[in-house]
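Here the structure comes first, spelled out in C-alpha cells, and everything after it is commentary.
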Amino acid sequence: MREQERGGGNGGREGRQELPPQSPEEQARAICLRLLTGMPRTRRQLADALEKRGIPEEVAQEVLSRYEEVGLIDDAAFAGAWVESRHRGRGLARRALAQELRTKGVHTTLVQEALEQLDSDQEEQTARELVDRKLRSTRGLEREKRIRRLAGMLARKGYPEGMALRVVRRALEAEGEDTDDLGYPGYPTG
C-alpha cells in the first residue's frame with residue numbers, strides 16, 4: 001500500500017486527491033448498487049434506504065425506475081425466489097411467506113402470483129417433513145404436550161390449524177399413538 005493511502009508521509013491528507021462531491025443521482029445509484037451487490041432487494045427496501053440517507057424523493061424515484069427498466073430491480077422475481085427459498089429452506093407456509101413479502105414492500109398482486117407456485121399438496125408435504133423431523137425430540141412427552149409442540153411449531157411457520165392438526169395426528173398414528181379421542185375444532189376424528 002502506498003504511504004499516502006495508509007495515512008503516512010506528508011502528514012496524512014496532504015498529497016491525497018479529494019474526490020469531487022457526488023450529485024444526489026450519483027449517490028442514489030451508488031447506494032442502490034452497493035445494496036444490490038449483497039442480495040436482491042425490493043423497490044421499497046431500496047427507496048427506504050435512499051430516504052434514510054437523505055436522497056430527495058424525486059431523485060430516488062428516478063433512479064429506482066431506471067433500475068427497474070434495466071432489470072436490476074424486479075419485485076416479481078424477488079417474490080418468486082423468496083417463496084422458493086424460504087419454503088424449501090425454512091419450511092414456511094403461504095401465510096408466513098405472504099407476511100414476510102408484504103413487510104418487504106412487495107405489492108399484493110405480486111405476492112399472490114409468487115405464492116401460486118406453492119400448491120396445497122406441496123405445502124402439506126413440507127408440513128409432514130417438518131413434523132417428522134421434530135417428532136423424535138417429543139418422544140417420551142405426554143400426548144397432549146407433543147400435539148401442542150408439533151402443532152405450535154407448524155402454526156409459527158404459518159400453517160393453517162386444520163392442516164397442522166391433521167398432519168400431527170397422522171404422524172402420531174404412524175408411531176402407533178391412539179388418536180381416536182382427539183377432538184379439536186377442524187380436526188377430523190375419524
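Within the range 49-65, residues that are within 16 Å of K104 (Cα to Cα) sit with their Cβ atoms under 7 Å from residues that are open to solvent by less than 10 Å² (accessible area, probe 1.4 Å), at 6+ positions apart or across chains, in these pairs: L50/A28; L50/A60; E51/A60; L64/L46; L64/I73. Residues considered: L92, L135. Of these, the only one that is of a type in the set (A, V, I, L, M, F, W, C), farther than 16 Å from G162 by Cβ and part of a helix (DSSP H, G or I) is L135.
Of everything listed in (1) within 19 Å of R88 (Cα to Cα); (2) in a helix (DSSP H, G or I); (3) under 20 Å from the mean Cα position of the chain (by Cα), the single unmet condition for T109 is (1).
Residue-wise test of (1) modelled with pLDDT under 95; (2) open to solvent by less than 20 Å² (accessible area, probe 1.4 Å); (3) part of a loop (DSSP other than H, G, I, E, B).
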residue: L97; (1), (2), (3): no, yes, no
residue: L101; (1), (2), (3): no, yes, no
residue: E123; (1), (2), (3): yes, yes, no
residue: R148; (1), (2), (3): yes, no, no
residue: A151; (1), (2), (3): yes, yes, no
residue: Y159; (1), (2), (3): no, yes, yes
residue: A171; (1), (2), (3): yes, yes, no
residue: D181; (1), (2), (3): yes, no, yes
residue: P185; (1), (2), (3): yes, no, yes
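Remark: Q4 matches the filter, which requires a residue to be more than 25 Å from the chain's Cα centre (by Cα), modelled with pLDDT under 90 and surrounded by 15 or more Cβ atoms within 10 Å (Cβ to Cβ). Taken over the range 64-95, the residue count meeting the criterion of being open to solvent by less than 50 Å² (accessible area, probe 1.4 Å) and β-branched (V, I, T) is 2. Suppose we keep only residues that are within 14 Å of E175 (Cβ to Cβ) and open to solvent by less than 20 Å² (accessible area, probe 1.4 Å) within the range 125-146. Which one would you say is modelled with the highest pLDDT? Filtering the range 125-146 for residues that are within 14 Å of E175 (Cβ to Cβ) and open to solvent by less than 20 Å² (accessible area, probe 1.4 Å), the one modelled with the highest pLDDT comes out as V131. What number of residues in the range 38-54 are part of a loop (DSSP other than H, G, I, E, B) and open to solvent by 70 Å² or more (accessible area, probe 1.4 Å)? Residues in the range 38-54 being part of a loop (DSSP other than H, G, I, E, B) and open to solvent by 70 Å² or more (accessible area, probe 1.4 Å): 3 in total.
The values are calculated or read from the model by the stated rules, or taken from the named source; none is laboratory data. Please read these numbers as outputs of a predicted model, since none were measured by experiment. Quick reminder, even Gly has a Cβ in these numbers, built from the backbone with ideal geometry, and neighbours come from all protein chains shown. The accessibility values were calculated without ligands, DNA or RNA, using every heavy atom of the protein model including side chains. Shrake-Rupley method; radii C 1.70, N 1.55, O 1.52, S 1.80 Å.
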